[in-house]
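K.L.:
Structure provided below as structure tokens; questions to follow.
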Amino acid sequence: EAKRLGRNRVAYFSPAMQERAQERRRMSDDLRLAIEQQQLHVYYQPIVHMDTGRVVKAEALLRWQHPERGWINPAEFIPLAEETGLIFDIGEWIFHTVVTDTARWIREQGQTIQVSINVSPVQIAKGGDSMARCIAFYEAQALPHHSIVVEVTEGALLEHDETVEARLRQLAEHGIALALDDFGTGYSSLSYIQQYQFEFLKIDRTFVDNMKTASRQLALCKTIIDMAHTLDMRVIAEGIGSEHEATLLRQAGCDFGQGYFFHQPKTAQAFEGLLCSQAAVPDRG
Ligand code: C2E
Ligand code: MG
Ligand code: MG
Ligand code: MG
């Protein structure tokens, strides 16, 4: 844009804008180093079966332990990673880490567990090579069908791109389950998403948050759940923060739940400990 308008335009950048640009450059330099210096960590948030409360799944969530700034959440650096193309290396690293951890848990604990990985629209649309390497790595582990779930948001589907469709189909054909993340925040209808092979639909946290104050939100959740079931998808509700919300969602027929009321995201070691203690208790569900 600046180029098109002529050089003089550049001079109009305010000091604040310059500072922001500099800050972005600093952060992307730091992020580039973050992988090799092992500052990135995968946390696992348990997902429970609504009827039994048993941990049957987990979602892998990325955290960055910055040497000076401390812990940084993905919302603050994933967009930067996408813009700079660092998302491909980061995404591949996450995939390897999660598949390796999951393989160990399944092998050592003999539990059926499904672990989901968030994959950004940029990775799906442009990360062909890294996605292919991820699939090859996954294949080599010979995990049970659907042990790994890939979560994509509606944003990935919006363009209705053939590449995107082919990539998602490829994941599904290799035995990786697909979940539609943050459902309800975008504009896609259930009939539109039906053409993809989603196993799971995740109801966005904002719906769950408003449920307690607005009965229409609850009715909406129930409608989404019923329609998802009709389309042969299982439903995971995100961001369940209270027993009340859990009860309402259970009554509405929601299959799985995730949120601080049940469990916070945990280190791999802590999550493994949770699986261990659960293995000692018989399943009453
Ligand atoms: P998401 O995939 O929808 O993940 C769920 C988010 O909700 C996580 O935030 C989780 O910590 C948070 N959460 C879970 N339960 C509760 C609750 O009860 N209350 C509240 N207020 N929040 C809850 P997080 O870890 O900050 O991640 C934010 C987003 O960043 C994720 O949203 C996902 O879109 C993205 N993200 C995280 N990890 C990755 C990754 O490895 N790769 C990519 N591409 N994106 C990632
Ligand atoms: Mg997610
Ligand atoms: Mg989500
Ligand atoms: Mg979200």
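K.L.:
Restricting the first residue to segment 193-208 and requiring it to be closer than 18 Å to LEU220 by Cα, which pairs with a second residue that is open to solvent by 30 Å² or more (accessible area, probe 1.4 Å) and within 16 Å of ligand 2 (Cβ to nearest atom) meet a Cβ separation below 6 Å and a spacing of at least six or different chains?
P.N.:
Short answer, once both residue conditions are applied: PHE200/ARG234; ASP204/ASP182; ASP204/GLY184; ASP204/THR185; PHE207/GLY184.
K.L.:
Which of the strands (runs of 3 or more DSSP E) found entirely inside segment 29-82 contain at least 1 residues meeting this: within 16 Å of ligand 4 (Cβ to nearest atom)?
P.N.:
40-49, 55-66
K.L.:
Something else now. Of the residues GLY110, GLY128, GLY91, only one is among the small types (Gly, Ala, Ser) and modelled with pLDDT of 95 or more; which?
P.N.:
On the way: GLY110 fails: modelled with pLDDT of 95 or more; GLY128 fails: modelled with pLDDT of 95 or more.
Going through GLY110, GLY128, GLY91 in turn, just one is among the small types (Gly, Ala, Ser) and modelled with pLDDT of 95 or more: GLY91.
K.L.:
Another question about this same structure. In segment 229-260, how many are away from ligand 2 (no atom under 16 Å from the Cβ) and aliphatic (A, V, I, L, M)?
P.N.:
Summing the residues that are away from ligand 2 (no atom under 16 Å from the Cβ) and aliphatic (A, V, I, L, M) in segment 229-260 gives 5.
K.L.:
Follow-up. Just checking, does segment 49-71 include any residue being open to solvent by less than 60 Å² (accessible area, probe 1.4 Å), among the small types (Gly, Ala, Ser) and farther than 30 Å from GLN278 by Cβ?
P.N.:
yes
K.L.:
Sticking with this structure for a sec: Taking the condition near ligand 1 (Cβ under 8 Å from one of its atoms), aliphatic (A, V, I, L, M), closer than 16 Å to ASP101 by Cβ and open to solvent by less than 40 Å² (accessible area, probe 1.4 Å), does LEU40 pass? Write out each step before concluding.
P.N.:
On the way: near ligand 1 (Cβ under 8 Å from one of its atoms): no; aliphatic (A, V, I, L, M): yes; closer than 16 Å to ASP101 by Cβ: yes; open to solvent by less than 40 Å² (accessible area, probe 1.4 Å): yes.
The answer is no for LEU40.
K.L.:
Among the listed residues GLN194, GLN264, GLN217, GLN278, which satisfies the condition of being at pLDDT 95 or above and out of contact with any Lys or Arg (no Cβ under 6 Å at 6 or more places or on another chain)?
P.N.:
GLN264
K.L.:
Taking the condition of being more than 22 Å from the chain's Cα centre (by Cα), open to solvent by 70 Å² or more (accessible area, probe 1.4 Å) and of a type outside the set (Asp, Glu), how many residues in segment 228-265 meet it?
P.N.:
Within segment 228-265, residues that are more than 22 Å from the chain's Cα centre (by Cα), open to solvent by 70 Å² or more (accessible area, probe 1.4 Å) and of a type outside the set (Asp, Glu) number 4.
K.L.:
Tell me yes or no: at least one residue of segment 13-20 is polar (S, T, N, Q), assigned to a helix (DSSP H, G or I), out of contact with any strand residue (DSSP E or B) (no Cβ under 7 Å at 6 or more places or on another chain) and modelled with pLDDT of 90 or more. Show your work before the answer.
P.N.:
Step one: filter segment 13-20 for residues polar (S, T, N, Q), giving 14, 18.
Those left that are additionally assigned to a helix (DSSP H, G or I): 18.
Subset that is out of contact with any strand residue (DSSP E or B) (no Cβ under 7 Å at 6 or more places or on another chain): 18.
From the residues that got through so far, the ones that are modelled with pLDDT of 90 or more too are none.
No, segment 13-20 contains no residue that is polar (S, T, N, Q), assigned to a helix (DSSP H, G or I), out of contact with any strand residue (DSSP E or B) (no Cβ under 7 Å at 6 or more places or on another chain) and modelled with pLDDT of 90 or more.
K.L.:
Next question, about the same structure. Checking ASP232 against (1) within 15 Å of GLY53 (Cβ to Cβ); (2) in a loop (DSSP other than H, G, I, E, B), which test does it fail?
P.N.:
Just one mismatch for ASP232, condition (1).
K.L.:
Those residues that are within 16 Å of ligand 2 (Cβ to nearest atom), of a type outside the set (S, T, N, Q) and open to solvent by less than 10 Å² (accessible area, probe 1.4 Å), I need them from segment 111-153; list them, please.
P.N.:
Matches in segment 111-153: VAL115, ILE117, ILE124, ILE148, VAL149, VAL150, GLU151, VAL152.
K.L.:
Still on this model: Can you tell me how many residues in segment 72-89 are small (Gly, Ala, Ser), free of Cβ contacts under 8 Å to residues at least 40 places away in the same chain and open to solvent by less than 50 Å² (accessible area, probe 1.4 Å)?
P.N.:
Of the residues in segment 72-89, 1 are small (Gly, Ala, Ser), free of Cβ contacts under 8 Å to residues at least 40 places away in the same chain and open to solvent by less than 50 Å² (accessible area, probe 1.4 Å).
K.L.:
Give the residue that is farthest from ligand 4 (Cβ to nearest atom), with candidates limited to residues of segment 154-182 that are at pLDDT below 90 and surrounded by 21 or more Cβ atoms within 10 Å (Cβ to Cβ).
P.N.:
LEU157
K.L.:
Could you tell me how many of the residues in segment 271-285 are open to solvent by less than 50 Å² (accessible area, probe 1.4 Å) and in contact (Cβ under 8 Å) with a residue 12 or more places away in the chain?
P.N.:
Total meeting the criteria: 5.
K.L.:
What is the one condition in (1) modelled with pLDDT of 95 or more; (2) β-branched (Val, Ile, Thr); (3) closer than 23 Å to ALA177 by Cβ that ILE224 does not satisfy?
P.N.:
(1)
K.L.:
Any residue at all in segment 112-120 that is out of contact with any strand residue (DSSP E or B) (no Cβ under 7 Å at 6 or more places or on another chain), in contact (Cβ under 8 Å) with a residue 40 or more places away in the chain and within 16 Å of ligand 1 (Cβ to nearest atom)?
P.N.:
There is at least one residue in segment 112-120 that is out of contact with any strand residue (DSSP E or B) (no Cβ under 7 Å at 6 or more places or on another chain), in contact (Cβ under 8 Å) with a residue 40 or more places away in the chain and within 16 Å of ligand 1 (Cβ to nearest atom).
K.L.:
Something else: Is it true that some residue in segment 98-105 is more than 16 Å from ligand 4 (Cβ to nearest atom), within 15 Å of the chain's Cα centre (by Cα), under 18 Å from ALA268 (Cβ atoms) and of a type outside the set (S, T, N, Q)?
P.N.:
Yes, segment 98-105 contains a residue that is more than 16 Å from ligand 4 (Cβ to nearest atom), within 15 Å of the chain's Cα centre (by Cα), under 18 Å from ALA268 (Cβ atoms) and of a type outside the set (S, T, N, Q).
The values are calculated or read from the model by the stated rules, or taken from the named source; none is laboratory data. Here the structure is a predicted model, which means the values were calculated and not measured. Positions of Cβ are backbone-derived with ideal geometry, glycine not excepted, and every protein chain shown enters the neighbour counts. Protein only, heavy atoms only, side chains kept; ligands, DNA and RNA dropped before computing areas. Shrake-Rupley method; radii C 1.70, N 1.55, O 1.52, S 1.80 Å.
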